[in-house]
Structure formats: C-alpha cells, structure tokens
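J.: Just passing along the structure, written as structure tokens.
Coordinate-derived values only; no laboratory data. It should be emphasised that the depicted structure is a prediction, and the values quoted were computed from it without experimental measurement. Because the Cβ atoms are built from the backbone with ideal geometry, glycine has one as well, and the counts that use them run over all protein chains shown.
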Amino acid sequence: MNILIDQLSQTPIYEQIESQIRQNILSGKLEANYMMPSIRKMAKELGVGIITVKRAYDDMCNEGLLISLQGRGVFVADIDTDKEKEVRFNGLREKLLDVKAYCDTSDISKEELIKEIEKMYGEK
C-alpha cells in the first residue's frame, strides 16, 4: 500500500491517510480481512506521529471500513454493497460542500451550477 503525504496541503494528515486507505478499499486494492500495518509501522513509514495514524485508523473503524481486534491488529472490514454506496455518497457530499462553498464565494447561483452539471452530462 502506497500512501503519499503532502505536508503543504491544507488537508490534515490523518484525513489524507483516511482518504487514501478508503480509496484503496473501495477500488478493491485492499481486500476484506487484509491486515493493516501496525500504527507504529505506518507512522514510521509515513514519517508522521503515532497519534496521527491512530486517529486515522480509529476514524475508519468508526466508519466501518476497518476493524480493530485487540491484540491481533487492524483489518479491512468486509463491507457490503449498501455500506460501500454509503461511503461513496459521504465522499460525494464532502466534495459538494466544497463546491457549494466555492459557489457561495464566487457569486455562482444554484441554477448556474445545475446548468454546468447538466452540460457535463450532456443534458439540456
């Protein structure tokens, strides 16, 4: 698993880790029951603090994408299609909030935004 950290990004490092792990799970690169690197190992590999990796793993456990088994490690959860769809829509909602914030500060109306989306989909 290859995770890249952008130290200059506005996005917190734990969120960068979560995003890339999530993407690997949803794309099938990380399969159910795959044992994740230990928190210490991941922190060392990424050059970040243990607490940062722990936060990412804990958040993903709460999201239902990872499972932590006491004394055994952290594993990729076996997610069903409903859970996968929920995770994908949550990601979409986050991106749409960014788009809405951009539109709000750029004086782009909801109607103008919808027209642009319809153009992307080839609709009139």
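J.: So in region 18-48, with the set limited to residues that are β-branched (Val, Ile, Thr) and within 22 Å of GLN70 (Cα to Cα), which one is nearest to the chain's Cα centre (by Cα)?
T.: The selected residue is ILE21.
J.: Of all residues in region 53-94 being farther than 24 Å from LEU4 by Cβ and of a type in the set (Lys, Arg), which is surrounded by the most Cβ atoms within 10 Å (Cβ to Cβ)?
T.: LYS83
J.: Scan region 85-115 residue by residue and report those that are within 26 Å of the chain's Cα centre (by Cα) and polar (S, T, N, Q).
T.: At the first step, the residues of region 85-115 found to be within 26 Å of the chain's Cα centre (by Cα) are 85-105, 113-114.
Listed by number, the residues that qualify are ASN90, THR105.
J.: If you scan region 51-75, which residues turn out to be closer than 20 Å to LYS29 by Cα and over 14 Å from the mean Cα position of the chain (by Cα)?
T.: ILE67, SER68, GLY73, VAL74, PHE75
J.: If you don't mind, another one. Surrounded by fewer than 17 Cβ atoms within 10 Å (Cβ to Cβ) and in contact with a Lys or Arg (Cβ under 7 Å, 6 or more places away or on another chain): which single residue out of ILE39, ILE50 fits that description? If you could, list the steps in order and put the result at the bottom.
T.: Details: ILE39 fails: surrounded by fewer than 17 Cβ atoms within 10 Å (Cβ to Cβ).
Answer to the check: ILE50.
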